[in-house]
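Engineer: Next up is a structure, given as structure tokens.
No lab work stands behind these numbers, since they all come straight from the coordinates. Computed from a predicted structure; not experimentally measured. Here the Cβ positions follow ideal geometry from the backbone for every residue, glycine too, while neighbour counts run over all protein chains shown.
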Amino acid sequence: MGEIIAGKRIAMNLREEIKRFTENRKSKGLSVPCLATIIVGEDPGSLYYVNNQSKLCQELGIETKVIKLPQDISEKLLINQIEDLNENNDIHGIMIQLPLPKHLNEINITSRVNYKKDVDGLTDINNGKFYKGEKCFIPCTPNSVVHLIRNTGASIEGKNVVVLGRSNIVGKPAAQLLLNENATVTICHSKTQNLKSVCKNADILVVAIGKPKFVTKDYVKEGAIVIDVGTSSLDGKICGDVCFDEVIDVASHVTPVPGGVGAMTTTLLLKNVCEALVNNEY
């Protein structure tokens, strides 16, 4: 039986640090960080994440503004909303909840965010800095993946890592961060041949494909670390891409859903909001 990587518990020290930061600013009469989140449509996984994010903001003393927009909103109106937030000096961080509806150009829209407020590291500027190894806001979900792997006490250097999923927001940046840790990284996707055997060769398996309970124990090497990034709704319940009840018997460590990657991701996002406030103070 493997161990559960409890993201919420691991994030507690960082949350206490954020809370001390906001309380200190309040005591001095200074502004506190403010995060604006745009969510388009009614995707259950997205609504679940944003709701938890808002609750955590309240707990840690961060102001939050959630902007819910209709599924059929035009790209022009969405960009206008982003530009209004860019110009608002009371907003320190802007996050666009992904995925967006298919009629919207995700790359174009995320890059309209002022890179100094781009706390999720999605703009062209922050992406360029990230892949060049320059200081920038690191994408929070991939960053969370690395934090949780390190917390197991295992070394990433030299390990055979498989990232299942090649999205711009998780798969590719997660692979880059793991390369930065000197892992040997393979990225798999829907066209990968012999997928099961490739995954089963991984010392560390990162799953981010958005298919509930896709990865069973047959995909997992004995003693591997399994990081489940997926968040889907199945039969009215939130679950991940990994069949947790099976995989926990094979792997050495597994993240649960909920309470794993998502909990750490939200905390790292709020840490970035604090940094954005400090970086842009006059």
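Engineer: Which of the aspartates and glutamates could be linked to Lys271 by a straight reach, that is with a Cα gap under 19 Å, when you skip same-chain ones fewer than 8 residues away?
Structural biologist: Straight-line reach from Lys271, under 19 Å: Glu16, Glu17, Glu23, Glu59, Glu63, Asp90, Asp118, Asp120, Glu134, Glu281.
Engineer: Using DSSP loop states and a limit of at most 13 other Cβ atoms within 10 Å to flag GluC sites (Glu not before Pro), what is the longest stretch of the chain containing no flagged site?
Structural biologist: Excluding the exposed sites themselves, the longest stretch runs over 43-133.
Engineer: When only DSSP loop residues count, what trypsin sites (Lys or Arg not before Pro) in the range 177-223 have their Cβ near at most 14 other Cβ atoms within 10 Å?
Structural biologist: Lys191
Engineer: Taking H placed 1.01 Å from N in the peptide plane, check which residues at least 5 places from Thr37 or on another chain put their amide H under 5 Å from its amide H.
Structural biologist: Amide H neighbours of Thr37: Lys65, Val66, Ile67, Met95.
Engineer: Please go through the residue pairs Lys159/Lys211; Lys102/Lys172; Lys117/Lys191 and name each one whose alpha carbons sit more than 28 Å apart in this structure.
Structural biologist: Where the Cα-Cα span goes over 28 Å, the pairs concerned are Lys117/Lys191.
Engineer: Taking every DSSP beta bridge that has both residues in the chain, what percent is antiparallel when rounded to the nearest 5?
Structural biologist: In the chain, approximately 10 percent of DSSP beta bridges are antiparallel ones.
Engineer: What is the calculated FRET efficiency for Asn151 to Asn108, with r their C-beta to C-beta distance and R₀ = 41 Å, to the nearest 0.05?
Structural biologist: 0.70
Engineer: How far apart, in nm, are two points set 7 Å out from the Cα along the Cα-to-Cβ line at Asp90 and at Lys211?
Structural biologist: 4.6
Engineer: Here's something else I'd like to know. What trypsin sites (Lys or Arg not before Pro) in the range 3-38 are in a loop by DSSP, with at most 12 other Cβ atoms within 10 Å of the Cβ?
Structural biologist: Here the trypsin sites (Lys or Arg not before Pro) that fit, given the DSSP loop and packing criteria, are Lys28.
Engineer: What ³J(HN,Hα) values, in whole Hz, does the Karplus curve 6.51 cos²θ - 1.76 cosθ + 1.60 give for the range 15-28 when θ = phi - 60°, with x put for Gly and Pro?
Structural biologist: 5, 5, 5, 5, 5, 4, 4, 5, 5, 5, 5, 4, 5, 9
Engineer: Shifting gears a bit: Put +1 on the Cβ of every Lys and Arg and -1 on every Asp and Glu Cβ in the chain; which of Met95, Pro44, Asn24 then has its Cα farthest towards the positive end of the dipole?
Structural biologist: Asn24
Engineer: With θ taken as phi - 60° and the coefficients 6.51, -1.76 and 1.60, list the Karplus ³J(HN,Hα) couplings across the range 247-259 in order, rounded to whole Hz; mark glycine and proline as x.
Structural biologist: 5, 4, 7, 10, 6, 7, 8, 9, 8, x, 9, x, x
Engineer: Per the helix-only calculation at 222 nm, which mean residue ellipticity applies to the chain, given -39500 (n - 2.57) for every DSSP H run of n ≥ 4 and division by its residues, nearest 500 deg cm²/dmol?
Structural biologist: Counting only the DSSP helices, I get -12000 deg cm²/dmol.
Engineer: Here is a follow-up. Using modelled amide H (1.01 Å from N, peptide plane; none on Pro or chain starts), what sits under 5 Å from the amide H of Thr186, excluding residues fewer than 5 places away?
Structural biologist: It is Val161, Val162, Val163, by chain and number.
Engineer: Which ³J(HN,Hα) values in Hz, rounded to whole numbers, follow from the phi angles of the range 108-120 under the Karplus curve 6.51 cos²θ - 1.76 cosθ + 1.60, where θ = phi - 60° and Gly and Pro get x?
Structural biologist: Calculated HN-Hα couplings, in order: 4, 5, 5, 7, 7, 6, 4, 4, 6, 10, 7, 6, 9 Hz.
Engineer: Counting only the backbone N, which residues of the range 91-112 are under 11 Å from the spot 7 Å out from the Cα of Ile125 toward its beta-carbon?
Structural biologist: 112
Engineer: Tell me which of Asn80, Cys34, Ser54 sits at the most positive position along the dipole axis of the range 30-115, charges placed on C-beta atoms (Lys, Arg +1; Asp, Glu -1).
Structural biologist: Positive-most Cα among the choices belongs to Ser54.
Engineer: Could I have the simple spin-label model distance between Ser31 and Glu222, label points 7 Å from Cα toward Cβ, reported in nm to one decimal?
Structural biologist: Between Ser31 and Glu222, the simple spin-label model gives 5.8 nm.
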